[in-house]
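Novice: Sharing a structure below in structure tokens format, with a few things to ask.
The values are calculated or read from the model by the stated rules, or taken from the named source; none is laboratory data. Note that the structure is a prediction, hence the values are computed from the model and not measured. In this analysis, Cβ positions are derived from the backbone assuming ideal geometry, glycine residues included, and neighbour counts consider all displayed protein chains. Surface accessibility is based on the protein's heavy atoms, side chains included, excluding ligands, DNA and RNA. Shrake-Rupley method; radii C 1.70, N 1.55, O 1.52, S 1.80 Å.
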Amino acid sequence: SMMGVGLLDGDIVVVEHNTPTKPGDTVVAVVDGRLTVKTLALEAGQYVLRPENPAYDVIRPGQSLEVLGVVVSSFRRMRR
């Protein structure tokens, strides 16, 4: 869901936990108990998580949204 920013399934991300977040950041978040990596966005005064692939829908948290950190780097294995 994040291929638009170069993140593919199976990639490993480096996350800074104590970095302040802002709209446009790629973040690791827990939404209603589920872990995800998405772009943080502000729509109509509410934070949402936007995928960077048009095949997926924007996540609008139902009950809870906790941002665990900002993705600052990523890498992928060439051999599995």
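Novice: Show the residues, 5+ positions off or on another chain, whose built amide H is closer than 5 Å to the amide H of Leu68.
Specialist: Residues meeting the criterion, in which the H sits 1.01 Å from N, are Val28, Ala29, Val30.
Novice: Summing Lys, Arg as +1 and Asp, Glu as -1, what charge do residues with Cβ under 13 Å from the Cβ of Gly4 carry, Gly4 excluded?
Specialist: The answer is +1.
Novice: Can you pull the percent of the chain's accessible area that's carbon plus sulfur, 1.4 Å probe, other chains left in place?
Specialist: After summing per-atom areas, the C and S share lands at 50 percent.
Novice: How many percent of all Cα-Cα pairs in region 1-62 sit more than 15 Å apart?
Specialist: 51
Novice: Per residue, how many Å² of accessible area does the chain show with a 1.4 Å probe?
Specialist: 70
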